[in-house]
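Here the structure comes first, spelled out in structure tokens, and everything after it is commentary.
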Amino acid sequence: MNRRDLLKALLVGAAGVVTGGRALRRIVEEGVSREPLPTDGQRVADAGDTEIVRRRLGSTDLEVSMFSFGAIKLPNIDEQEAADCLNLALDHGVNFIDTARNYRDSEEKIGKGIAHRRDEYYLATKSTARDAEGLEEELNTSLREMQTDYIDIYQLHTVSNQSAWEAVRAPGGAYEAALTAQEDGKIGHIGITVHRDRNVMREAITSGLFETIMLCYNPVDSEGVAAEILPLADEHDVGVIIMKALQGGALCPPEEARVEGLGGPDAVIAGSMRFVLGDPYVDTMLVGMEATEQVENNIAVAKAFEPLTDEERRELFDLIGELRPAMRYDQTCLRCGYCLPCPVEIDIPEALRAADMKRAYADDLQHIADEAWDDLEVHPEACIDCGVCKDRCPAGLEIPELLQEAVALYEE
Ligand code: SF4
Ligand code: SF4
């Protein structure tokens, strides 16, 4: 069963509606009714024999658990703790483990912790090498460290600007070595990971060179992939692996700010996971974990998964809006769109996103911010300061002022 069929089945069960891709997305956004989820410490046990849903990972045809283990945090814990976390995840049906050569000793910990269960999981790792020689060396190291002779998905890592994109595809570049490794049977599929640069995302997806793409995506959607990039990947049958579903930890509130709800011991974490999992263009979502308690809680959310209802989405954005700006990855706007419609038809979240990118991006990526600004159909200068948007904003933003600041930024 492919992802669309799975989600259809899930939603037909929940809502009694048969629907196709776009309509399906609308239903996910509109939400479906659901029973309250267990909220005590026995979440995994309460989920009983429920399986974590598996989805087809694009043209790889691998059926991967929609919730996956991101190994980025394993260097923070010792070998035994890492083994406990990994084995617990496998015990509960997580069958996709993702790491990277540059996540310090994570590969070694994967090898020591679960190499003996190699037939129970798909393994993905990544290399930042840009040339063939570098990639070959890193791949051989990864194989050795993870005590395996085969990596299911090997990814060219952080190809996040035009020069990196050109370097990996040049003669003698990293892609060439990945192809050779595939021919030699050392790797199964070739993927790519891209941050921020939507031009590279577009080119990677449409190039036909990659079977998976890893992207940042969460309720804040600070890299703006929801509207175009995720559907484009779906159209080209490129498997979508989501990283930073919790914005690299920025959507993990401090202990004192935690509120139970939305299916987990912290509503922002559980709600963010359900937000991402509820997107029909997402095949699997990685969450970096460094404690068995986190693994248990996240598995429980994944096992009991249902898309957020409208009311729950609103609750989630209200909660994220209450987090300090620093907890929102320095993003002030959450891109929730609740400020819309604007009477003069300014696309407020996109205008604020362009301004955030303009401030945050390095010189070689400024063109992305400029393109987003130029793409606005109504210039933010058209704001008549009516204030209706402010009343709707869960983050309590002074939107008219921010728009004027954005205009000034682009006039500098
Ligand atoms: S204050 Fe400006 S941006 Fe907000 S709704 Fe009114 S016109 Fe639109
Ligand atoms: S300005 Fe406020 S309401 Fe509008 S998208 Fe951003 S956070 Fe949401």
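Read-outs: derived from the displayed coordinates by stated rules, not from any lab. As the structure is a prediction and not an experimental result, all values here were calculated from the model. With ideal geometry, Cβ positions are generated from the backbone for all residues, glycine too; neighbour counts draw on all protein chains shown.
A compact table of results
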{"read-out": "Chain lengthening between THR206 and GLU322 when straightened (0.36 nm per residue, less Cα-Cα)", "value": "37.9 nm"}
{"read-out": "Ranked by how many other beta carbons lie within 10 Å on average, peptides 372-380, 190-198 from highest", "value": "190-198, 372-380"}
{"read-out": "Packing-based order for 99-106, 119-126, 298-305, 363-370, using average beta carbon neighbours within 10 Å, highest first", "value": "298-305, 119-126, 99-106, 363-370"}
{"read-out": "Spacing of the two label points (7 Å from each Cα toward its C-beta) at GLN80 and ARG144, in nm", "value": "2.8 nm"}
{"read-out": "Label point distance in nm, HIS116-ALA170, each placed 7 Å from Cα along Cα→Cβ", "value": "4.7 nm"}
{"read-out": "Segment ARG359-GLU293, length gained on full extension (0.36 nm per residue, minus Cα span)", "value": "20.0 nm"}
{"read-out": "Restraint check, LYS303/LYS390; LYS109/LYS358; LYS109/LYS186; LYS73/LYS390; LYS126/LYS303, Cα-Cα greater than 31 Å", "value": "LYS303/LYS390; LYS109/LYS358; LYS73/LYS390"}
{"read-out": "Net length gained if the chain between ASP105 and VAL378 were fully extended (0.36 nm per residue, minus Cα distance)", "value": "93.3 nm"}
{"read-out": "Whole-Hz couplings from phi, Karplus 6.51/-1.76/1.60, listed for the stretch 83-99; x for Gly and Pro", "value": "4, 4, 4, 5, 5, 4, 4, 4, 4, 9, x, 6, 10, 9, 10, 10, 9"}
{"read-out": "Inter-probe distance in nm under a simple model that places probes 7 Å from Cα toward Cβ, at GLU183 and GLU51", "value": "3.8 nm"}
